[in-house]
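Undergrad: One structure is given below, represented as structure tokens, and several questions about it will come after.
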Amino acid sequence: MSGRRASVALAVVLTGCCRAAPPSQFPSADDALDRMRASYACSRGVQGEAKLDYFGKEGRVRGNVLYLAALPDQLRFDVFSPFGAIISTLTSDGRDFALYDLRNKQFLHGPASTCNVARFTQVPVPPFALAQLLRGEAPVLVHSREQSSIEWSCGKYVIHLDSTRDAHEELHLEPLVADWDRPWQEQRVRVREVAVSQKGTELYRAVLDGHAPARTAGPLVDPDGLDPDVPPSGPACTAEIPRRIRLEVPGTEQDLILIDEEVAHNPPLIEGAFRQSPPPGVSVAEARCTD
């Protein structure tokens, strides 16, 4: 092989853009989505510690966050200082939302809506979608088989879905290298990108990178031995989790990046983990917004 041909071949291997599709391809978009769901079926939720990097109109904000997510739409984010002190907490249990800001001594509460959760994320991602993305799975708009399409492009499957209210979703799914030669019914996939739009305007885009298998969380043990152990909230699971998630609203300055430092599947869940009450001495206000 000549030097030029070798260089071209190496570029193809490194970029993956010209890689042929797997020998056994998904017959339809819904078959691919079923395999995505199967890839993450063992994961009922995740807990992690991550670096947070937000870019917005007010500038750049960096921080550290502990997060907890459980299907279908329960979320908790605790932002902590370099000294380990919690400075802000968001909870959403699928019905009620609350956001405590220690710095401003303010407590907001209201419905668990997309716009309320966006007070923290700054990106209008619905709670159920965020809970799925943190696990590595893509949320899927309601659609019929006739409203979906799939094609192989640049090393990945590209799926298009049309839904109600003039909504559209584009998903990028990548087969795992280890499953490349398996029948499509046995292939696992990782989600690389999700974009949701409505009436031609993109609401948000999520880009997922750094996928790696994750462990199952251990039980929660009372160090004093007074309370019984709280077991993991799901079965043993080693499904891949993206270690870097970027959420953005294209065409704006809203951009949130989460980079995992630790993450585990199916964490133990204690009563009230996704709810909070205002502490004494803070200003309490109702968060009024509707999606």
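Undergrad: Rounded to the nearest 0.05, what FRET efficiency do Val230 and Gln185 give with R0 = 41 Å and r taken as the Cβ-Cβ distance? Could you check?
TA: After rounding, the FRET efficiency stands at 0.65.
Undergrad: Can you list the aspartates and glutamates whose alpha carbon is less than 17 Å from that of Lys105, not counting same-chain residues fewer than 8 positions off?
TA: Within the straight-line limit of under 17 Å, Lys105 reaches these aspartates and glutamates: Asp78, Glu286.
Undergrad: Enumerate the calculated ³J(HN,Hα) couplings along the range 99-104 in order (Karplus 6.51 cos²θ - 1.76 cosθ + 1.60, θ = phi - 60°), each rounded to whole Hz, writing x wherever the residue is Gly or Pro.
TA: Calculated HN-Hα couplings, in order: 9, 9, 10, 5, 4, 9 Hz.
Undergrad: Moving on. Would you work out what percent of the accessible area of the range 18-172, with all protein chains in place, is carbon or sulfur (probe 1.4 Å)?
TA: 52 percent
Undergrad: If the only charges are +1 at each Lys and Arg Cβ and -1 at each Asp and Glu Cβ, what is the size of the charge dipole of the chain around the Cα centre, to the nearest 20 debye? The partial results should precede the final answer.
TA: Numbers: 31 positive and 39 negative charges, 154 e Å.
Computed about the Cα centre, the dipole is about 740 debye.
Undergrad: Report the residues of the range 271-291 in range of a label on Asn104: point 7 Å along Cα→C-beta, backbone N strictly under 20 Å from it.
TA: 276-291
Undergrad: Related question: For Ala85 and Arg244, compute 0.36 nm times the residue count separating them, minus their Cα-Cα distance, and round to one decimal in nm.
TA: Extra length available between Ala85 and Arg244 comes to 54.8 nm.
Undergrad: Per DSSP H run of at least 4 residues, take -39500 (n - 2.57); add these up for the chain, divide by its residues and hand me the 222 nm value, nearest 500 deg cm²/dmol.
TA: The per-residue figure over the chain is -4000 deg cm²/dmol.
Undergrad: Run a plain Debye calculation on the chain (Cα atoms as equal point scatterers, no solvent) and give log10 I(q)/I(0) at q = 0.09, 0.12, 0.17 Å⁻¹, rounded to two decimals, same order as the q list.
TA: -0.49, -0.84, -1.49
Undergrad: Considering amide H positions built from the backbone, and no H for Pro or chain starts, which residues 5 or more places from Gly155, or on another chain, come under 5 Å of its amide H?
TA: Answer set, sorted by chain and number: Arg19.
Undergrad: If I model a spin label as a point 7 Å beyond the Cα along the Cα-Cβ vector, how far apart are those points for Cys115 and Ser277 in nm?
TA: 2.9 nm
Undergrad: Heavy atoms only, probe 1.4 Å: what % of the accessible area of the range 210-291 goes to carbon and sulfur, would you let me know?
TA: Roughly 53 percent of what the probe reaches on the range 210-291 is carbon or sulfur.
Undergrad: Let me ask something additional. Quick check for you: with a 1.4 Å probe and neighbouring chains kept, what is the accessible area per residue of the chain, in Å²?
TA: Averaged over the residues of the chain, the accessible area is 51 Å².
Undergrad: If you don't mind, there's one more thing I want to ask. Hey, rough spin-label estimate for Ala21 and Arg215, points 7 angstrom out along Cα→Cβ, what's it come to in nanometres?
TA: Computed distance between label sites Ala21 and Arg215 equals 4.0 nm.
Undergrad: Using only protein heavy atoms and a 1.4 Å probe, report how much of Ser277 is accessible, in Å² to the nearest 10.
TA: For Ser277, solvent-accessible area is about 90 Å².
Undergrad: Could you rank Val158, Val177 by how accessible they are, 1.4 Å probe, largest area first?
TA: Working: Val158 15, Val177 100 Å².
Sorted by accessible area, descending: Val177, Val158.
Undergrad: 7 Å from Cα along Cα→Cβ at both Asp31 and Cys289: what's the point-to-point distance in nm?
TA: Modelled inter-label distance: 4.2 nm.
Undergrad: Would you please state the base-10 log of I(q)/I(0) at q = 0.15, 0.21 1/Å for the range 143-208, with intensities from the Debye formula using one equal scatterer on every alpha carbon?
TA: Taking Cα atoms of the range 143-208 as identical point scatterers yields -0.53, -0.91.
Undergrad: Hey, another quick one. Given Cβ point charges of +1 (Lys, Arg) and -1 (Asp, Glu) and nothing else, what value in debye, to the nearest 20, does the dipole of the range 166-231 about its Cα centre take?
TA: Charge dipole of the range 166-231: 300 debye, to the nearest 20.
Undergrad: How high is the relative contact order of the range 183-222? Use alpha-carbon pairs under 8 Å, at least six apart in sequence, and give a whole percent.
TA: 29 percent
Undergrad: What is the gain in length, in nm to one decimal, between Gln198 and Glu262 on full extension, counting 0.36 nm per residue of separation less the C-alpha to C-alpha distance?
TA: 19.6 nm
The values are calculated or read from the model by the stated rules, or taken from the named source; none is laboratory data. Predicted, not measured: the structure shown is a model, and the values here were computed from it. All Cβ positions, even for glycine, are placed from backbone atoms using ideal geometry, and neighbour counts span all protein chains on display. We work out accessible area using only protein heavy atoms, side chains counted, and drop any ligands, DNA or RNA first. Shrake-Rupley method; radii C 1.70, N 1.55, O 1.52, S 1.80 Å.
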